[in-house]
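Presented below is the structure to which this report refers.
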Amino acid sequence: MAFILPSNVEFKNYAEEKVYKYIEENLPENYVTYYNYYIDLVEFDFAILIPNKGIAIIEVKGLFSDRILEVVDRNLIRYKKGNEKTINIISPLKQVNNYRYKFVNKIKEEVGKEIKVLPFVCYPEITEKEYFGKDLDKLSPFKFTILKDNFENQESMKNKILNTFRIFKLKNSDVFNDETVIKIRKFFEPKNQIKFTEQTESKEDESIKDDQTIIYNNNNNKDNRDYYSILKSIPKNISMEKLKKLQDKLFN
């Protein structure tokens with residue numbers, strides 16, 4: 001499960017609840033996510049700190065395609081609410097870009113780093129077909145838009161975000177290493193909490209060190225291996241992420 005704050009939440013709407021629960025249940029545990037926190041005096045929906053990649057800022061819009069009357073231009077959607085009232089919705093990309101600039105500036109000023117920060121618009125109830133059919137691509141490019149299709153399995157949203165980070169080039173950007181991640185976490189978390197989560201992760205890593213591996217030799221091995229079986233001590237509460245790392249270490 002991903003590390004996401006706050007842990008006890010009163011959701012503003014169903015769309016943000018859907019995104020929160022998906023992130024919590026599906027993204028890797030070393031991704032740090034903040035929901036409805038402030039950057040300076042502006043509240044953002046989601047910010048995901050992705051080690052060695054950067055920060056994904058997500059603006060969530062719980063729109064339904066059959067209520068979208070018109071994408072007027074790159075800045076405006078005409079939308080019908082439940083009681084037939086028509087409202088104007090400002091471009092969500094414009095909103096999330098505002099949060100992005102605030103992140104970039106704060107990191108430059110307080111950390112002295114140029115980190116890749118990318119904006120994403122999320123429509124949890126709109127499919128890719130509806131996205132193009134309603135001209136929502138005029139508001140936000142496809143690679144920067146998370147859709148209903150990206151909630152279908154555990155990897156889809158993560159792959160969408162990582163592919164965009166891979167495609168989007170930023171000259172002279174700094175590596176988003178663990179040290180920088182911790183410095184940015186201090187924007188939002190007390191130091192004691194960060195220290196606690198670091199210690200927890202460290203202990204879990206130590207629980208699967210090689211010195212707990214016992215190799216049984218078999219002199220009659222016909223395939224020239226030095227062993228035929230491995231016994232490994234694994235803690236009961238090990239995460240799937242750590243288990244996958246162990247599997248790769250042993251069998252790849």
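Could you calculate the contour length gain from D149 to R67, that is, 0.36 nm times the residue separation minus the distance between their Cα atoms, to one decimal place in nm?
Value of the extension gain: 27.6 nm.
Given charges of +1 on the Cβ of Lys and Arg and -1 on the Cβ of Asp and Glu, with all other atoms neutral, how large is the dipole of the range 120-189 about its Cα centre, in debye to the nearest 20? All intermediate terms of the calculation are to be shown ahead of the outcome.
On the way: 13 positive and 12 negative charges, 62 e Å.
So the dipole magnitude of the range 120-189 works out to roughly 300 debye.
Would you please give the FRET efficiency between E84 and D135, computed as 1/(1 + (r/R0)^6) with r the Cβ-Cβ distance and R0 = 22 Å, to the nearest 0.05? Write out the running numbers ahead of the final one.
Numbers: r = 22 Å, r/R0 = 1.01.
The value I calculate is 0.50.
Among the listed pairs K18/K134; K102/K129; K108/K160, give every one whose C-alpha distance is greater than 25 Å. Let's see the in-between values first.
On the way: K18/K134 22 Å; K102/K129 33 Å; K108/K160 27 Å.
Check vs 25 Å cut-off fails for K102/K129; K108/K160.
Just the Cα atoms of the range 96-162: what Rg and Dmax do they give in Å?
For the range 96-162, the Cα-based Rg and Dmax read 14.4, 43 Å.
Note down the nm distance, to one decimal, between modelled labels 7 Å out along Cα→Cβ at E29 and at K12.
It is 3.1 nm.
Where a number appears in this text, it was derived from the coordinates with a stated rule and is not lab data. Source: prediction; values computed, not measured. Positions of Cβ are generated from backbone atoms using ideal geometry, with glycine treated the same way; all protein chains shown enter the neighbour counts.
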